[in-house]
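Every number in this text was worked out from the coordinates using simple rules, so none of it is lab data. Note that this is a predicted model, so its numbers are computed, not measured. Note that each Cβ is placed from the backbone with ideal geometry, even for glycine, and that neighbours are counted across all protein chains shown.
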Amino acid sequence: MNGGEVTLISPVFDLTGYTDPYINFTSWFYNQHGYMPLNDTLKFYLFDGSSNVLIAKKYHDNTNMSHWVPNSIRVSDFITPNSTMQLVVTLSDELATENVTEGGIDNFSITDFSLLESHDALTSNNILYPNPSEGVIQIKGITDGLLVFYDSTGRVVLTKEITEQISVSELEPGIYFVEINTNGQKELTKLIVK
């Protein structure tokens, strides 16, 4: 892009079924010469049907350029979630010079937790092992409940009842977030499955 602005608007989505929704996506940004965050910027807004709220912006000095960068943004920190939400993404290069500005978004998802924070409730008495695993994990210190496995986009890929040994052989190799549901409490840890 050179000398203008482009806007991408998502379809309407409903956040009322979530307890504490997070907007997750990966962003890519490149800017050849510009250093002004008002001129050459990739911006992310949430629109609730009546107002736009800026939730993130990427520019030359505040992002890792030419790399996909994960983002996980708590909606209620910016706007009250409702049933008519939209994500609005703008990329601007407002001065028609020999500058180059590029941006992208991928892996959009909505979860009830941050994909970037590890809420590790496991103490020395509660252990998931081995990590990485070849197909079977063991859990120590928790005897009942559920393990819910999420992929990197926040999609549930597997749910298992907690037992001493849990087969995860049906999972593809990769990194998964594991939500431990026991006694109505939800906590997260990371599990690498090979």
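Quick rundown of the values:
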quantity	calculated
Pairwise Cα inverse-distance average, inverted: Kirkwood Rh of region 127-193 (Å)	11.8 Å
Region 127-193: relative contact order as a whole-number percent, Cα under 8 Å and 6+ apart	34 percent
Theoretical gain in end-to-end length, residue 138 to residue 74 [0.36 nm per residue, Cα-Cα removed]	19.8 nm
Relative contact order %, region 4-111, counting alpha carbon pairs below 8 Å whose residues are six or more apart	47 percent
R0 of 45 Å, Cβ-Cβ distance residue 51-residue 160: FRET efficiency to nearest 0.05	0.60
Size of region 4-111 as Cα extents on the principal axes (Å, biggest first)	46, 26, 20
FRET efficiency, 1/(1 + (r/R0)^6) with R0 25 Å, evaluated for residue 129 and residue 183 via beta carbons	0.70
Centroid-to-centroid separation of region 161-184 and region 1-30 [C-alpha atoms, Å]	30 Å
